[in-house]
Amino acid sequence: VPLGEFFINNFGYGITEVGAVMGYYGFNCGEVIDSHDTLPGVIKANAVYDIDYSNKNVLSISTIEHFKSNEYSNTSDNDSIVFLEKIISTTKNYLITWPISYNKILDNYVKNSSLSYFIMERVSADNKWQKDESKSFSHLYDSPFEKANGICCVTNLESLL
């Protein structure tokens, strides 16, 4: 959420959020795409195939990892990669985050690519985070702490890298 707040503070509220997250923390992103969320105003659409992101500022916090078979109405384990490539090739600015080890196909794709990314690692049970300078994809989901223990952040924002 702090990374999402940074993005909103830099690009205003006229951004496109994929996955309704920031609204639950009091932020208005303008356009929100989420096929399952019930917040008022959310556009219910398949974020991978039904939306044109051309020249938009796109924020997605912990959503892309669900774009795989049997989640969010997707049918292919490669939908997360299709979405990521679409965002990178068509948007003005983007910040996409997900918990490491939840979607190994996505993790391996980014790890073996030339994409610009950084990794945040959880260092305490009370949810303190720091930048992982080694950019390790070895962080486990639900271990040693509950839920995310490492977060991958793909962005074109040099100030974050």
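Between TRP129 and ASP37, the modelled labels are 1.6 nm apart [label points 7 Å from Cα along Cα→Cβ].
Computed over neighbours whose Cβ is under 14 Å from that of ASN55, the net charge equals +1, Lys and Arg +1, Asp and Glu -1.
Every helix of 4 or more DSSP H residues in the chain counts as -39500 (n - 2.57), and over all residues that averages to -5500 deg cm²/dmol at 222 nm.
At an R0 of 25 angstrom, the distance between the Cβ atoms of ASN112 and LEU161 translates into a FRET efficiency of 0.85.
Estimated at 0.36 nm per residue, the fully extended path between SER136 and LYS104 surpasses their Cα-Cα distance by 10.2 nm. For Kirkwood radius over Cα pairs in Å, several values are listed as (i) 16.3; (ii) 17.5; (iii) 15.9; flag the one computed from this structure. Recomputing Kirkwood radius over Cα pairs in Å here gives the entry labelled (iii). Considering only beta bridges that DSSP places wholly inside the chain, some 55 percent are antiparallel. Note: relative contact order over the chain, using C-alpha pairs below 8 Å and six or more positions apart, is 18 percent.
Here, each number is a calculation from the coordinates, and none is a lab measurement. This one's a predicted model, so the numbers in the text were calculated from it and none came from an experiment. Neighbour counts are summed over all protein chains in view; Cβ atoms, including those assigned to glycine, are modelled from backbone coordinates with ideal geometry.
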